[in-house]
Structure formats: C-alpha cells, structure tokens
1. Is it the case, given these coordinates, that residue 212 is out of contact with any Ser or Thr (no Cβ under 6 Å at 6 or more places or on another chain), within 29 Å of residue 244 (Cα to Cα) and β-branched (Val, Ile, Thr)?
2. Among what's in the stretch 143-196 and is of a type in the set (D, E, K, R) and closer than 22 Å to residue 105 by Cα, pick the residue that is farthest from the chain's Cα centre (by Cα).
3. Is there a residue in the stretch 212-233 that is more than 17 Å from the chain's Cα centre (by Cα) and of a type in the set (Asp, Glu)?
4. Could you check the stretch 165-256 for helices (runs of 4 or more DSSP H) lying wholly inside it with 3 or more residues that are touching an Asp or Glu at 6+ places or on another chain (Cβ under 6 Å), within 24 Å of residue 22 (Cα to Cα) and of a type outside the set (D, E, K, R)?
5. State whether the residues of the stretch 232-251 include one that is touching a residue at least 40 places away in the same chain (Cβ under 8 Å), surrounded by fewer than 19 Cβ atoms within 10 Å (Cβ to Cβ), touching a helix residue (DSSP H, G or I) at 6+ places or on another chain (Cβ under 6 Å) and among the charged types (D, E, K, R).
6. Looking at (1) of a type outside the set (S, T, N, Q); (2) more than 21 Å from the chain's Cα centre (by Cα); (3) crowded, with 16+ Cβ neighbours inside 10 Å; (4) modelled with pLDDT of 75 or more, can you tell me which one residue 111 breaks?
7. Given the conditions (1) under 24 Å from residue 94 (Cα atoms); (2) touching a residue at least 60 places away in the same chain (Cβ under 8 Å), which single one is not true for residue 221?
Amino acid sequence: MSQQGGAGAQTESRVFATTRWSLILSAANSDADEQKARAALAELCRIYWRPIFLFVSRRGYPMQEAQDLTQDFFVMILESDWLKHADQHRGRFRSFMLKSLENFLSHAEERSGALKRGGKVEFVSWDDWMAEAPSQLSVSAQTLESLPPERMFDLRWAATVVEHALRRLREECEGKGRLRLFETLSGHLTAERADVSYASLAAALGIAETMVKKQLHNLRQRYRWLLRDEVAHTVNDPADVDDEIRHLCAVLAKTG
C-alpha cells in the first residue's frame, strides 16, 4: 500500500475534470451533455438523499408525509428544469440542495397538487434504506434530539461522506486480501497516536509493531484521499474542497 499515495495524487489531478457537480453545472445551459449531467445528478441524489429525508422529518412532518415529500422533491429535481437553475456561484452541492429543499418545503402544499406523489420515480426503497447498516458515527439520542434541521442535515451529510470513504477503503483492502487488516485498524484511522496501542494491534495481527505503524499510516493516507475524493464530487471549484472538509469535520466535532 506504500504506493497508494502517489497513485492517489495522480488520480486527484484528474478528479475535478469529471466531478459530478461540476459536470451538472457545466451542462446546465447546454443540451449536449444534459443526459450525462442528469445521470450525475441522479447519482449524487442517490448517495446523499438521507440528509434530505432527515431534514424533512426534523421540520415536523410525520414519517409517511416526510417520505412522500422526499420522494416528491427528487421527482422535482430529476424530472423538471431544476438543472437549468443550478447556480455555478453556489459551488457546493450540499448548499444548493439545502436551499432548493427549503424552497420546496415552503411551497409544499402548492406543489402537492402539481406533483403526483412518487411520480414515475422510485428513487430508493424505504425498506432497503432502513435495512442498511447504521452510521459508524455514534451520536447520542439526546444530541440528535437537540439539533435543529439544518445541523441534522449537515451531520447526516458528513456521516454519508465518511461512510462512503470507509466503504471504498474496505472494498480496496478486501480486493487485495487485506480485509482483516482493515477490520483491525479502521477504528484507529482518526485516533491520536497516543491513543493507539501498537503493541495490542501487533499482537492481534501477528506482525511487528513497526509494520503496524506503517500499515496504519498507509491506511490513513488512503482514507484521507478517499474523503477528499468524495467531497470533490460535490463541489464545483477545487479550491472549495478544503473548506468543505473543514466544515464537515467541524460538524462532526460538535456532536462528538
């Protein structure tokens, strides 16, 4: 895994040319790439739809109505001219989605007559969603109850970014026959060095402490790159990546 950092850096130089959000924005006023842009939009929505549902729920809507409104919201952005109104000056997909959702909910009663509940889109099965593994981020019920809708939206967004980066890292390790290494070390990817017992990890893995330090270092490097890659797909300007990561880290830190 020692060469992953170099490979990641080479890939990173190309990531913004094909980032989903920049593709959506660049195609907003052009029919040439509209099909690709809509596919990219659908993919971003599929990945980040949980924050939308939780935001709607936190606004006080009962479960069934929150499901219906979430479904209607996706019908609206996937089947309407929403794409044409995408603003390149709002460089973060997260920010633009939240603003669009707030506008949507403010006209929920008016829209309910114009949009058939569920439309022709079955965005994702609620049963499938509920059956998915819960977030690896542990947040107390008391903390969740006290969060306003906007904070809940950002927290679920940050959790999704982390989950996808971890899932990709796990898949990479499994593909290389290193799943046990991932399962043993993944809980220490963001831990302070003083909190890591290299001796215990070495004993669990049956390798030398020096090798544990090297492998954990490599995993951390790769994890950081995967986090950046996840965020990169949701911003238009590469300069926004670091700010977006800092924002998401701050959100997680406040609920830790």
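1. no
2. 145
3. No, the conditions are met nowhere in the stretch 212-233.
4. none
5. Taking every residue of the stretch 232-251 in turn, none turns out to be touching a residue at least 40 places away in the same chain (Cβ under 8 Å), surrounded by fewer than 19 Cβ atoms within 10 Å (Cβ to Cβ), touching a helix residue (DSSP H, G or I) at 6+ places or on another chain (Cβ under 6 Å) and among the charged types (D, E, K, R).
6. (4)
7. (1)
Conditions (1) over 30 Å from residue 97 (Cα atoms); (2) modelled with pLDDT under 95, marked per residue:
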| site | (1), (2) |
| --- | --- |
| 161 | no, yes |
| 169 | no, no |
| 174 | yes, no |
| 177 | yes, no |
| 194 | yes, yes |
| 198 | yes, yes |
| 224 | no, yes |
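The values are calculated or read from the model by the stated rules, or taken from the named source; none is laboratory data. Note that the structure is a prediction, hence the values are computed from the model and not measured. Neighbour counts are summed over all protein chains in view; Cβ atoms, including those assigned to glycine, are modelled from backbone coordinates with ideal geometry.
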